[in-house]
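Step one of this worksheet: look at the structure below.
The values are calculated or read from the model by the stated rules, or taken from the named source; none is laboratory data. What you see is a predicted model, and the numbers here were worked out from it, not measured in a lab. A quick note on method: Cβ atoms are made from the backbone with ideal geometry, for glycine too, and the neighbour counts reach across all protein chains shown. Just so you know, the surface numbers come from the protein's heavy atoms only, side chains and all, with ligands and any DNA or RNA stripped out. Shrake-Rupley method; radii C 1.70, N 1.55, O 1.52, S 1.80 Å.
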Amino acid sequence: MKSQAWLTSLALATTSLVSAQRPAHPEFVHGEECLFCHRNDIGASWQKNAHANTVREKPGSKDSFTLGARGGARELRKAGYGKFAIREADGSWNETKFGDRCAGCHTTAVDGESKTFQYYGIDCYACHGAVNLEHTNDTSLILLSKKQRSDARKIASICGSCHLRGGQSKAKGFPYPYHFVPGDDLFADFQVDLSKVDDPALNPGDRHVYRNVRDALAGSELSCLSCHSVHQNSSDKHRRVLTSNVCLDCHFESGPKKNVKKYQVSSATCEY
Ligand code: HEC
Ligand code: HEC
Ligand code: HEC
Ligand code: HEC
Ligand code: HEC
Ligand code: HEC
């Protein structure tokens, strides 16, 4: 009896290890293959998407890269398989910082031991997960399809895996999640202090993310996708959402909605 109980607890321990702390990323289909079929619906806008371009090769160079798709740029250079060195403000190259502190949110499928990435930039896998190709017949098999985009908690885990800046992996201490796969419960390993919603020092850009995640975990049906269309790179539909506290992160309590509070996004995690 004793040994059986021990076996059961071992099995339980193993199960939670697999869901919260996988030993490695699963195999997944790379974006180029997806775009072979999704060239017309997704391809053209994807080339301009900030996620795809958050790390990109400098024209005419094989070793030099730019981090930051929307102006706040940093220089990177190749430093071995799946690794970049990052240039500091004083002009020196830091060989370890990118892997230790940045890679998990600006590249795809970072290995938690070697801290190497599989692809630079953010690939389909980071949001759609390890896609089953049977989805061509049954779109409910793929995350974020029209049939799979209403679960606000799941969406909070997916988008929050990068947009909750300030969180920390319990297992590894990284400022980014450890072997997170979309569909998982992010918060099994990634620890985030959601009470920061009420910290006046937080900028409205990060605050509205923290607020939405806190509300979604408490049962609200409002998700990032109630307001954002990722592939159309638009937040137009946010105008049609019912007014609540969320709106006050950017709008005033009274007066027309065309007035937006002036705010600047800054982040200690991202050093800007
Ligand atoms: C793997 C990390 C990652 C995931 C997952 C992720 N994002 Fe992002 N997102 C980023 C990064 C990094 C940027 C900034 C890119 C840049 O400008 O270099 C960004 C930028 C954005 C922007 C600003 C785009 C612009 O052009 O102004 C929005 C809006 C956004 N993300 C929403 C989402 C939503 C919604 C989800 C979930 C469906 C999501 N993101 C999932 C990392 C991620
Ligand atoms: C927890 C995930 C996460 C980590 C870790 C992270 N970033 Fe970011 N980074 C983001 C997200 C999300 C955005 C977009 C936020 C927004 O626009 O509101 C971003 C934006 C940026 C931008 C601005 C992009 C632009 O075009 O304006 C720069 C530059 C940047 N990060 C650099 C870094 C550096 C350098 C590191 C490591 C020292 C780092 N980041 C670590 C998630 C992360
Ligand atoms: C940053 C997260 C993110 C990344 C990365 C991403 N997607 Fe999406 N995708 C979404 C979201 C969210 C939706 C739901 C509709 C929307 O917001 O545009 C979606 C919807 C789709 C759809 C359905 C479109 C529709 O009309 O409903 C297809 C097809 C798709 N994505 C393919 C891809 C492919 C291919 C890639 C990689 C080249 C990719 N996605 C990368 C978040 C992402
Ligand atoms: C062999 C061709 C093929 C490949 C490869 C492929 N898809 Fe699809 N995908 C389809 C077809 C066909 C559909 C169903 C029709 C539609 O909605 O476009 C679909 C549907 C989708 C949907 C749901 C659209 C909806 O209507 O809700 C998403 C999201 C998606 N694919 C993403 C991806 C991603 C991400 C990859 C790569 C990991 C990928 N697909 C690879 C053919 C493909
Ligand atoms: C109630 C609607 C709403 C919800 C919910 C929402 N957003 Fe936003 N978000 C907006 C609007 C509106 C803007 C500002 C307009 C813009 O930049 O497109 C914005 C801006 C952003 C930006 C750009 C910040 C910057 O200026 O650099 C990012 C990144 C972002 N949202 C991510 C998310 C993520 C991730 C979630 C889910 C956790 C989310 N948002 C939930 C409405 C919303
Ligand atoms: C993260 C910041 C942010 C949040 C949160 C936000 N908004 Fe906005 N909103 C903006 C920005 C920026 C604009 C102007 C640009 C645009 O239209 O996207 C805007 C514009 C609007 C407009 C159009 C006003 C006009 O006359 O041009 C409406 C309506 C609106 N918001 C309603 C809402 C509602 C309702 C909520 C809450 C559910 C909300 N917003 C939450 C940033 C935000």
Which numbered condition residue 139 fails, given (1) farther than 22 Å from residue 106 by Cα; (2) more than 11 Å from ligand 3 (Cβ to nearest atom): (2)
Qualifying residues in segment 165-179 (those that are open to solvent by 30 Å² or more (accessible area, probe 1.4 Å) and over 24 Å from residue 227 (Cα atoms)) - the one nearest to the chain's Cα centre (by Cα): 168
Among residues of segment 193-243, those that are of a type outside the set (Lys, Arg) and touching a Gly at 6+ places or on another chain (Cβ under 8 Å), counted: 4
All positions within segment 248-258 that are surrounded by 11 or more Cβ atoms within 10 Å (Cβ to Cβ) and either free of Cβ contacts under 8 Å to residues at least 24 places away in the same chain or under 17 Å from the mean Cα position of the chain (by Cα) (or both): 248, 251, 252, 257
Scope segment 156-210; condition in contact with a Lys or Arg (Cβ under 6 Å, 6 or more places away or on another chain) and either within 16 Å of ligand 3 (Cβ to nearest atom) or farther than 22 Å from residue 249 by Cβ (or both); matching residues: 175, 178, 179, 189, 191
Segment 228-247, residues that are in a helix (DSSP H, G or I), open to solvent by 50 Å² or more (accessible area, probe 1.4 Å) and modelled with pLDDT under 95: 245
Single residue of 56, 70 found to be outside the structural domain of residue 162 (by TED's automatic domain parsing) and either among the small types (Gly, Ala, Ser) or within 19 Å of residue 117 (Cα to Cα) (or both): 56
Residues (assigned to a loop (DSSP other than H, G, I, E, B), open to solvent by 50 Å² or more (accessible area, probe 1.4 Å) and over 17 Å from residue 231 (Cβ atoms)) located in segment 133-164: 137, 138, 150, 151
Meets criteria (free of Cβ contacts under 8 Å to residues at least 60 places away in the same chain and more than 16 Å from ligand 4 (Cβ to nearest atom)) for residue 201: yes
Candidate set: segment 79-100, residues that are small (Gly, Ala, Ser) and touching a Phe, Trp or Tyr at 6+ places or on another chain (Cβ under 9 Å); chosen: the one surrounded by the most Cβ atoms within 10 Å (Cβ to Cβ): 99
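Matching residues to (1) open to solvent by 60 Å² or more (accessible area, probe 1.4 Å); (2) among the hydroxyl-bearing types (Ser, Thr, Tyr); (3) within 16 Å of ligand 5 (Cβ to nearest atom):
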| site | (1), (2), (3) |
| --- | --- |
| 28 | no, no, no |
| 31 | no, no, no |
| 54 | no, yes, yes |
| 69 | no, no, yes |
Meets criteria (within 13 Å of ligand 2 (Cβ to nearest atom) and open to solvent by 30 Å² or more (accessible area, probe 1.4 Å)) for residue 63: no
Residues within segment 182-192 that are open to solvent by 10 Å² or more (accessible area, probe 1.4 Å) and either assigned by TED's automatic domain parsing to the domain that holds residue 122 or in contact with a Gly (Cβ under 7 Å, 6 or more places away or on another chain) (or both), tallied: 4
Test set (1) in a loop (DSSP other than H, G, I, E, B); (2) within 25 Å of residue 211 (Cα to Cα) - residue 130 fails condition number: (2)
Condition broken by residue 214, with the remaining ones in (1) open to solvent by 70 Å² or more (accessible area, probe 1.4 Å); (2) in contact (Cβ under 8 Å) with a residue 40 or more places away in the chain satisfied: (2)
